Amino acid sequence: MAPALSISVVVPAHQAASLLLTTLPAILEGLAEGVQRELIVVDDASTDATAEVAARYADRVVRLGPPPAGPAAARNAGAAAARGEWLLFVDADVRLHPDTLGQLVRSIAAHPEAVAIFGSYDAEPEGPGLVSRFRNLLHHYVHSRSAGPAETFWAGLGAVRRDAFRTAGGFDAIRYPRPQIEDIELGYRLRSHGGDILLDPLMQGAHLKSWSLLSMIRTDFRDRGIPWTRLLLERRGAFRGTLAADHREGIRIVLVVLAVSALFVWLLSGYPWARVTFFAAAAGHLAACSPVYLWFFRRKGFLSGLVSIPLLGVYYLVAFAAGVAGLLLHLGHRPRAA
């Protein structure tokens, strides 16, 4: 009889008492035959009842700080306390589906060569408001159409073999002291050690986070776009672009920036060439993004589809601004020649 697969579920949590009341029971209620499971919650210097709530459900509660160390350090602390063969990282605001753990087990069995497997948010986000709905659904759309081998990793709902995690050195908590791209950077290091990473969009959880337009712009600019640009420049193309960082996204970004720039010139000067450029770039952008827009219209209705058009435009404008800022910061920090 084959030994049971052992999985340690690691949940980093900061000021998450109310969320854990929903997300931790879902982890415990998940079904997976032949699995030894332990649940570890890392309380990252919370001042609310996070530790007390966690103690009701977790096999072990690890307490950090103060001050808060950030999710990278919290995940590392949970991994250090884990005993499982696999480490399943789940964010405190992600509620697993009943079959999420079972899907992970099936993916591990089907891909024994993989050192990491990550999933996706589902298509039914619970955050209130059109911006929350758009932002969470965009994540689901990208991951659902990127199934298979991946070059990066996602720790919102992602598993790593414990030995591979330790060989790679874990998350970089020094460089990423707050939620940023610490999981993406870890994915690159896992790949550099020869490990295979798999994106399995059938492994899903509901994202409970609420987004505002300001929080979306701030996160995509400061915490994702800039550090990801700098990381890619530092690695100098060591890995192919995947998920949001591929050539098709670059074309979409260029088209929306060109359209907005031409619109401003047209409105301010009235130049005919600016009007032609605007309509041509806008049409090109709509054509390039038509799969995204059609998905929103068909799956989520007219209002969600309509709202997705300006919000995706904002998303790409922020990506462009972050890319420029990241490039300038990279050039400004390059060592000078002797």
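The values are calculated or read from the model by the stated rules, or taken from the named source; none is laboratory data. Because the structure is a prediction, the values reported are computed rather than measured. Ideal geometry is used to build each Cβ from the backbone, glycine not excepted, and the neighbour counts take in all protein chains shown. Just the protein is used for accessible areas: all its heavy atoms, side chains included, with ligands, DNA and RNA removed. Shrake-Rupley method; radii C 1.70, N 1.55, O 1.52, S 1.80 Å.
Here is how the number arises for the chain: DSSP H runs of 4 or more residues each give -39500 (n - 2.57), the sum is divided by the residue count, and the result at 222 nm is -17000 deg cm²/dmol.
Computed from the C-beta positions of ARG166 and ALA321 and an R0 of 30 Å, the FRET efficiency is 0.20 to the nearest 0.05.
Sorted by accessible area with a 1.4 angstrom probe, largest first, how do LEU303, LEU208 fall? If you can, show how the numbers build up before the last one.
Details: LEU303 105, LEU208 35 Å².
In descending accessible area the options line up as LEU303, LEU208.
How many Å² of accessible area per residue for the chain, probe 1.4 Å?
Details: 15780 Å² over 338 residues.
With all protein chains present, the chain gives 47 Å² per residue.
Computed across the stretch 1-65, the Kirkwood hydrodynamic radius from all distinct Cα-Cα pairs reaches 12.3 Å. Accessible surface for HIS139 stands near 30 Å², nearest 10, in the context of the full protein assembly shown (1.4 Å probe). A 1.4 Å probe, protein heavy atoms only, puts the accessible area of SER210 near 70 Å². Amide H contacts of PHE89: VAL10, GLY158, ALA159, VAL160, each under 5 Å away and 5 or more positions distant or on a separate chain (H built 1.01 Å from N in the peptide plane; Pro and chain starts excluded).
How would the stretch 23-171 be classified by its alpha-carbon gyration tensor: rounded, prolate or oblate, with rounded meaning a/c under 1.5 and the a/b versus b/c comparison settling the rest? Don't jump to the answer; show the numbers that get you there.
Numbers: a/c = 1.44, a/b = 1.10, b/c = 1.31.
The shape class here is rounded.
For the stretch 137-218, just say rounded, prolate or oblate: build the C-alpha gyration tensor, square-root its eigenvalues into a ≥ b ≥ c, call rounded for a/c under 1.5, and beyond that prolate if a/b exceeds b/c, oblate if not.
Values: a/c = 2.22, a/b = 1.30, b/c = 1.71.
Oblate.
About its Cα centre, the dipole of the chain is roughly 1060 debye, where the only charges are +1 on Lys and Arg Cβ and -1 on Asp and Glu Cβ.
Applying the Karplus relation 6.51 cos²θ - 1.76 cosθ + 1.60 with θ = phi - 60° to the stretch 76-88 yields 3J(HN,Hα) values of 4, 5, x, 5, 5, 8, 7, 10, x, 5, 10, 10, 9 Hz, where x marks Gly and Pro. In the chain, the longest principal axis of the Cα atoms and the axis of helix 247-269 are about 40 degrees apart. Note the angle between two axes, namely the Cα long axis of helix 182-192 and the longest principal axis of the Cα atoms of the chain, as a number of degrees from 0 to 90, rounded to the nearest 10. Rounded to the nearest ten degrees, it is 80. Ignoring ligands, DNA and RNA, please state the percent of accessible area on the chain from carbon and sulfur, probe 1.4 Å. That fraction is 61 percent. Here's the picture: charge each Lys and Arg Cβ at +1 and each Asp and Glu Cβ at -1 in the chain, and of VAL35, SER210, HIS111 the one pushed furthest to the positive end of that dipole is SER210.
Summarising the amide proton neighbourhood of ARG63: residues at separation of 5 or more, or on other chains, whose placed amide H is nearer than 5 Å comprise ASP43.
For the chain, what does the alpha-carbon gyration tensor say about shape, rounded, prolate or oblate, given a ≥ b ≥ c as the root eigenvalues, a/c under 1.5 as rounded, and a/b over b/c as prolate? Verdict is prolate for the chain. Take the Cβ atoms of ASP99 and LEU286, set R0 to 30 Å, and the FRET efficiency comes out at 0.20.
To the nearest ten degrees, helix 272-288 and the longest principal axis of the Cα atoms of the chain are 30 degrees apart.
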